[in-house]
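Please read the structure below before turning to the comments.
Computed from the coordinates by the stated procedures, all read-outs in this text should not be read as laboratory data. Bear in mind the structure is a predicted one, so any value in this text is a computation, not a measurement. Note that we place each Cβ from the backbone using ideal geometry, even for glycine, and neighbour counts take in every protein chain shown.
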Amino acid sequence: MKFCPHCSTPLETKLIEQHERWACPQCHWVHWNSPVPVAGCLVEQGGNLLLIRRKSPPHAGEWSLPVGFLQFGETAEHAAAREVEEETGLRVTATALLGTYSEVFNEERSHLVLIFRSRILGGVLKAGDDAAEVAWFSEHYLPPIAFASAQHAIAAWRAQRSGPPTAYYFCPRCRSPLEIRQVVGRNQQACPTCDWIYWVNPIPIAETIVTNSEGQVLLIKRKFPPRVGDWALPGGFLDWGESAETAAIREVREETGLEVKLSRLLCTMGLPSLLNPEQCIMKAIFIGEISGGHLQAGDDALEAQFFAWENLPENLATESTREALQRWREQHSCL
């Protein structure tokens, strides 16, 4: 830069805020040389990453993430999603900031790059006017990636995906990266921005052992993960504000069509979650008696059936189911 863009006076260097900057001696305009913001998305699907082959310099012909300049008045999230659609044909929404990176090209040009994780909403995959090609690549067979910012973002994404299964990374309130903090004598993941704390508390579940007049036990065949096709006690998660007893009765009705009255609490169990390894559950297992209804599998069960003790299915969903039935049988035989 040689001339003032306001009055065309030749620029000169001045020491301003401890930096030498181009300044106009006539109208006092200053070239602050601030980084130019650009934004893009890391789009993933089944372990594959979406990359575009660049059509124009810099790095023409090389592969990179879809990234571009912000337009006037545009948010970084909107710009990132817009660039993905323009360059790949896919509509996405930016879900969380993966990282910010500085790209310095020379003493007069630098970019502040904001890379977001994203979720695909729709669209048809096709290369846009400013992309020579667009393609999915396995994370294990990526081509050489242009721009250090894209390389760092992919490395951060890989680190997150291969981290410990109990790790949470971002605050669900404000999306800030979480940090480890001592809270009540324990290391807890906490947000440095809004002070949200991830308390690793068990999630309550209510189940019920229901028997008929012949002493047979009611089981349901699971329709959804985990353990699809295995047999389990009717039960499920508590709804907001619901007691364990109310949840137990509701779950029996929804999964088997039967109405029950609870006679007592058999036991509680603390267990790791089969579906989400970062969570644990607390089961409250009740004894119930049939009070009405008609036996039929609900929408979340493949089958609902009574079994004699000697003919219980081998494929019980969990060891906790087997243990609860054994506890009930031992107590029942003593009555």
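Structure notes:
- Summary of the geometry: the range 10-43 and the range 66-135, compared by the centres of their Cα atoms, lie 25 Å apart.
- For the peptides 1-12, 88-99, 123-134, 45-56, residues were scored by their other Cβ atoms within 10 Å and the scores averaged per peptide; the highest-first order is 88-99, 45-56, 123-134, 1-12.
- Evaluating kT/(6 pi eta Rh) at 20 °C and 1.002 mPa s, with the Kirkwood radius of the chain over Cα pairs in the Stokes-Einstein relation, gives 85 µm² s⁻¹.
- Seen from W32, the other residues with C-beta closer than 11 Å to its C-beta sum to a net charge of 0, counting Lys and Arg as +1 and Asp and Glu as -1.
- Here the dipole of the chain is about 460 debye; that uses its Cα centre as origin and unit charges on the Cβ of Lys and Arg (positive) and Asp and Glu (negative).
- Residue (of P5, P25, L218) at the positive-pole extreme of the chain, dipole from beta-carbon charges: P25
- Net charge contributed by nearby residues that have their C-beta within less than 15 Å of P313 (K/R +1, D/E -1): -1
- Charge tally for A81 (other residues, Cβ to Cβ under 13 Å; Lys, Arg +1; Asp, Glu -1): -2.
- Rough spin-label spacing in nm, given labels placed 7 Å along Cα→Cβ, for E133 and L271: 5.0
- Dipole-positive endmost among G89, Y198, I115 within the chain (Cβ charges, Cα centre): I115
- By DSSP, the beta bridges lying fully in the chain are antiparallel in about 80 percent of cases.
- Radius ratio Rg over Rh of the range 203-334, counting only Cα atoms, Kirkwood formula for Rh: 0.93
- Computed from the C-beta positions of Q160 and D299 and an R0 of 35 Å, the FRET efficiency is 0.50 to the nearest 0.05.
- Evaluating 6.51 cos²θ - 1.76 cosθ + 1.60 at θ = phi - 60° for every residue in the range 307-320, the Karplus couplings come out as 10, 6, 4, 6, 10, 4, x, 5, 8, 6, 4, 9, 5, 5 Hz, glycine and proline recorded as x.
- Selected from T100, S176, A247, residue furthest toward positive end of dipole (the chain; charges at beta carbon): T100
- By the helix-only formula, in which each DSSP H run with n ≥ 4 contributes -39500 (n - 2.57) and the sum is divided by residues, the chain has a 222 nm mean residue ellipticity of -5500 deg cm²/dmol.
- The Y168 and S213 beta-carbon pair, evaluated with R₀ = 45 Å, returns a calculated FRET efficiency of approximately 0.40.
- The charge dipole of the range 180-335, taken about the Cα centre with unit charges on the Cβ atoms of Lys, Arg (+1) and Asp, Glu (-1), comes to about 400 debye, rounded to the nearest 20.
- Amide H contacts of G123 (H built 1.01 Å from N, under 5 Å, at least 5 apart or other chain): R91
- For the range 1-127, the alpha carbon convex hull comes to 137 Å³ per residue, rounded to a whole number.
- For the range 73-78, 3J(HN,Hα) per residue [Karplus equation, 6.51 cos²θ - 1.76 cosθ + 1.60, θ = phi - 60°, Hz, x = Gly/Pro]: x, 9, 6, 5, 4, 5
- The distance between label points at H6 and Q18 comes to 2.6 nm (points 7 Å beyond Cα on the Cα→Cβ vector).
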